[in-house]
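The next block holds one structure in the form of structure tokens; read it before the comments.
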Amino acid sequence: MNDIKDQITAIVSDILRDYEDDRNINRVENFSQPDTDSVKNIISNLLKIIYPGFYREKTYKYYNQSSRLTVLIEDVSYNLNKQITIALRQLPEYCSASFETVSGKSSLIVTDFLRCLPRVREYLATDVEAFFDGDPAAFNHNEIVLSYPGLYAITVARLAHELFLLGVPLIPRIMTEHAHSKTGIDIHPGATIGKYFFIDHGTGIVIGETTVIGERVKIYQGVTLGGLSTRGGQSLKGKRRHPTIEDNVTIYAGASILGGETVIGEGSTIGSNAFITSSIAPNTKVSIKNMEMNIKNGKSSGDDPAQNWFYMI
Amino acid sequence: MNDIKDQITAIVSDILRDYEDDRNINRVENFSQPDTDSVKNIISNLLKIIYPGFYREKTYKYYNQSSRLTVLIEDVSYNLNKQITIALRQLPEYCSASFETVSGKSSLIVTDFLRCLPRVREYLATDVEAFFDGDPAAFNHNEIVLSYPGLYAITVARLAHELFLLGVPLIPRIMTEHAHSKTGIDIHPGATIGKYFFIDHGTGIVIGETTVIGERVKIYQGVTLGGLSTRGGQSLKGKRRHPTIEDNVTIYAGASILGGETVIGEGSTIGSNAFITSSIAPNTKVSIKNMEMNIKNGKSSGDDPAQNWFYMI
Amino acid sequence: MNDIKDQITAIVSDILRDYEDDRNINRVENFSQPDTDSVKNIISNLLKIIYPGFYREKTYKYYNQSSRLTVLIEDVSYNLNKQITIALRQLPEYCSASFETVSGKSSLIVTDFLRCLPRVREYLATDVEAFFDGDPAAFNHNEIVLSYPGLYAITVARLAHELFLLGVPLIPRIMTEHAHSKTGIDIHPGATIGKYFFIDHGTGIVIGETTVIGERVKIYQGVTLGGLSTRGGQSLKGKRRHPTIEDNVTIYAGASILGGETVIGEGSTIGSNAFITSSIAPNTKVSIKNMEMNIKNGKSSGDDPAQNWFYMI
């Protein structure tokens, strides 16, 4: 058996030498990156503020809501300020600014963000209504807040969108990707989403950075509100690449609506798996023509190569 | 730089005022909601009971299985009882009943549930067989129990289904949505699923509340067993909305089978991406007609706008 | 109210009796299975080694990188050795070998694996480049390392693939299924993947065990690189079942490429939702013929049964 200690010494020096190549994945300066665990902790405290009584700390009574809330807000304020100060450094205008300048900017952002919370709650209350009205399987409003992934995703997206509008880099995306990881729903913090938004099931939904969604819109699993070819890559940055969905539109499972000039007119319904790259007039129902099916009777062998093409695993 | 302390006081009182609006997302009474973290902990203890030796507590030997198991069962029994007592309060018949009545009902449910565990293990052992027989990539049975998301999802769904049948609100759905979050597989606790059930890959699978699935059924990633339009919303509650899948049916990736009157006859095979809204006779192979493809040779520019329609990102 | 204590005693003995059936889900021997929590901990330490400065331990400075790294490498080395020793026992050739033989083999594997880390970092640095170049929404390289699920999935897959090549059972799959759970991206550790690999959004991607992918390949959400019918089940074990993707291929969302003899020639572009089961020549653009759509104007009732077929939820 070889001597693992010597091996480790050799391995360590190999990797240290490798760190000295200036790969874009070496960030060995102190405190140069936001702490994703801290951002996750901020999200869970924001959820306690937004949905009082639904998350675990269960010892308060109404008469001390004020002190409970003050503790939560101070915690969010302190940690968010710290993380935003780190993130702002990655903007050209702040990379070499004084600590006072950056942390001053950061605390302005934090207070502006916290002031938004009542408005965010107002929007989320309309989302919960939309979830309940839209889903026959919903037992009551509490079940939606306690267990629906779609509500979790839209909650985090609405919070991240406020930070995005306030010009915070990195952190809004870390927030929505955390929600993406928990729910399979990928909403970019740049997306603009109106009241009474309903997401059912949700896994596989993608909503791109420049998407604009009106009120009372319903979206089911596997829907993409996306861009067309991005061969342009970074050259397309900032350009409008994702569609506009007007009020009262329903988009069923697996449908794709693509392109920055595509507008789905109000009151329209987009059927399952529809693939849309140009605008649709208001009050239109769009669906793919009923697919032709091969139907073959008799004991299914599954080893008929001619038929095998349609199996996918 | 502005004074963050004053800001916080102002923000706290804004949010407190907002709590006083009777939004449906305010639940400030004590202990009125089940604790999702406690439910997750119950799930992990149930997994230790169902798959002895696969989960971390590794210090027991066979001769003290009995004491080990007693500790686990007592823990599940105590915590599940507590959570069910909270959840039952949300049923009209228990919202104003005495504590004795509710906790009495709760402990009857808990013992009935725990008595089901051997039968649930019997079903799950058949699922592990089906996973191994169906997947050439499976190294052995242990790999399936240790790492396959499909087995995790069906395990939690079978446990949640027993609580669903015992009339417990909220908690079964919290359980299956926890599994959905970990696996991307969304099985409603109401769904009835026979022995030897095999799910491969699994991400994007949706199985609705009133689905009925027979024995030896195989389902691949992205399959929906769903409903048709739910414009009816809550008015459809309790109605049969999801399909029946008979024994020995295989449903390949991306297929959708929809509607409460749709029955897939035994021994049938449904091809990838098939879209089915009416019943299929037994021993039938269904597939979409081979899709016509546009094929264009020559260096791919990717900037040909006429071709761009088919790009989605 | 019934006596829960007696009930528990009865339930415990029922389950103990059930453990005595030799179900394939009983593993009551000591230490016979790898510890998934330990494997997750190994992954998070490997991420700290690979992406220095991006993960939480933030107290080091450059001049003690060496001691920091030594601690991490020793921790990974010790725990990985322990887990591999357990896993190797499940290979026929080691199930009854002496402890020295097995742990000797294990430490040879561990040092070979750790020696790969600089090469893995070299590959991952090219992936980060590809992510940045390919995604107009990417703010900078740091955002990609901190938040992109696709990079997390390919990082874990590249590490697991090295252990797979070294003949370690169980653990590589536990690693990639952990990444699958976090990202919705299912990459089997057996898959061979070239440099500059780009995954966007990612949810629903499946890459099978025997897939071979060249350099500068881009893959979007919902893409399957899969097998055809596996009615053969375990009899297909080890056979080539998944496609070959040559250099500079782009595969857009929802496309499926299936079968062990299918080769996508270099420079080709596969459009959204394309379904491909035979080889494609180099520099070809493939897309599904523009789908015919039913378009119906006028206020959308949503209760027109004839139209209902296209709704899926």
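Quick look at the values:
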{"quantity": "Given (1) more than 24 Å from B:Arg173 (Cα to Cα); (2) open to solvent by 10 Å² or more (accessible area, probe 1.4 Å), index of the condition A:Asn142 fails", "calculated": "(1)"}
{"quantity": "Boolean, B:Leu159 is of a type outside the set (Ser, Thr, Tyr) and facing chain C (nearest Cβ under 10 Å)", "calculated": "no"}
{"quantity": "Condition met for C:Thr210 (under 15 Å from the mean Cα position of the chain (by Cα) and farther than 27 Å from C:Asp135 by Cα)", "calculated": "yes"}
{"quantity": "Residue ID - nearest to A:Met293 (Cα to Cα), chosen from residues in region B:281-293 that are surrounded by 15 or more Cβ atoms within 10 Å (Cβ to Cβ) and more than 8 Å from chain A (Cβ to nearest Cβ)", "calculated": "B:Met291"}
{"quantity": "Residue check, A:Cys95 closer than 19 Å to A:Ile187 by Cβ, out of contact with any Ser or Thr (no Cβ under 9 Å at 6 or more places or on another chain) and not small (Gly, Ala, Ser)", "calculated": "no"}
{"quantity": "Test for A:Arg119: is it more than 23 Å from A:Ser38 (Cβ to Cβ) and surrounded by fewer than 17 Cβ atoms within 10 Å (Cβ to Cβ)", "calculated": "yes"}
{"quantity": "Only one of A:Ala125, A:Ala130, A:Ala87 that is crowded, with 17+ Cβ neighbours inside 10 Å and touching a Lys or Arg at 6+ places or on another chain (Cβ under 6 Å)", "calculated": "A:Ala125"}
{"quantity": "Condition check for A:Thr210: open to solvent by 10 Å² or more (accessible area, probe 1.4 Å), hydroxyl-bearing (Ser, Thr, Tyr) and at pLDDT 95 or above", "calculated": "yes"}
{"quantity": "Close pairs (6 angstrom Cβ cut-off, 6 or more residues apart or separate chains): of a type in the set (Phe, Trp, Tyr) in region C:272-289, open to solvent by 20 Å² or more (accessible area, probe 1.4 Å) anywhere", "calculated": "C:Phe275/B:Met291"}
{"quantity": "Tally of residues being modelled with pLDDT of 95 or more and more than 17 Å from B:Thr192 (Cβ to Cβ) across region B:225-249", "calculated": "0"}
{"quantity": "Count - residues of region B:162-177 that are more than 8 Å from chain A (Cβ to nearest Cβ) and either surrounded by fewer than 24 Cβ atoms within 10 Å (Cβ to Cβ) or aliphatic (A, V, I, L, M) (or both)", "calculated": "9"}
{"quantity": "Residue under evaluation A:Gly260, criteria (1) touching a Pro at 6+ places or on another chain (Cβ under 9 Å); (2) at pLDDT 90 or above; (3) buried (at least 19 other Cβ atoms within 10 Å of the Cβ), criterion not met", "calculated": "(3)"}
{"quantity": "Wholly enclosed helices (runs of 4 or more DSSP H) of region A:69-152 bearing at least 3 residues more than 9 Å from every other protein chain (Cβ to nearest Cβ) and farther than 30 Å from B:Ser181 by Cα", "calculated": "A:99-115"}
{"quantity": "In region C:48-68, residue surrounded by the most Cβ atoms within 10 Å (Cβ to Cβ) [restricted to those that are modelled with pLDDT of 85 or more and assigned to a loop (DSSP other than H, G, I, E, B)]", "calculated": "C:Pro52"}
{"quantity": "Residue match in region C:233-250 (condition: within 27 Å of B:Thr203 (Cβ to Cβ), more than 9 Å from chain B (Cβ to nearest Cβ) and in a strand (DSSP E or B))", "calculated": "yes"}
{"quantity": "Where a residue in region C:64-89 is among the acidic types (Asp, Glu) and its partner, wherever it lies, is at pLDDT below 95, with Cβ under 8 Å and at least six apart", "calculated": "C:Glu74/A:Ile8"}
{"quantity": "Selection within region C:168-181 - touching a residue at least 24 places away in the same chain (Cβ under 8 Å) and closer than 21 Å to C:Tyr123 by Cβ", "calculated": "C:Val168, C:Ile171, C:Met175, C:His178, C:Ala179, C:His180"}
{"quantity": "Residue within region C:189-201 that is open to solvent by 30 Å² or more (accessible area, probe 1.4 Å), over 29 Å from C:Thr284 (Cβ atoms) and not aromatic (Phe, Trp, Tyr) present", "calculated": "no"}
{"quantity": "Test: A:Val156 is touching a helix residue (DSSP H, G or I) at 6+ places or on another chain (Cβ under 7 Å), buried (at least 23 other Cβ atoms within 10 Å of the Cβ) and touching a residue at least 12 places away in the same chain (Cβ under 8 Å)", "calculated": "yes"}
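The values are calculated or read from the model by the stated rules, or taken from the named source; none is laboratory data. Keep in mind that this is a model prediction, so the values were computed, not measured. Every residue, glycine as well, gets a Cβ built from its backbone with ideal geometry; the counts of neighbours run over all protein chains shown. Quick note on the areas: whole protein, heavy atoms, side chains included, nothing else; ligands and nucleic acids left out. Shrake-Rupley method; radii C 1.70, N 1.55, O 1.52, S 1.80 Å.
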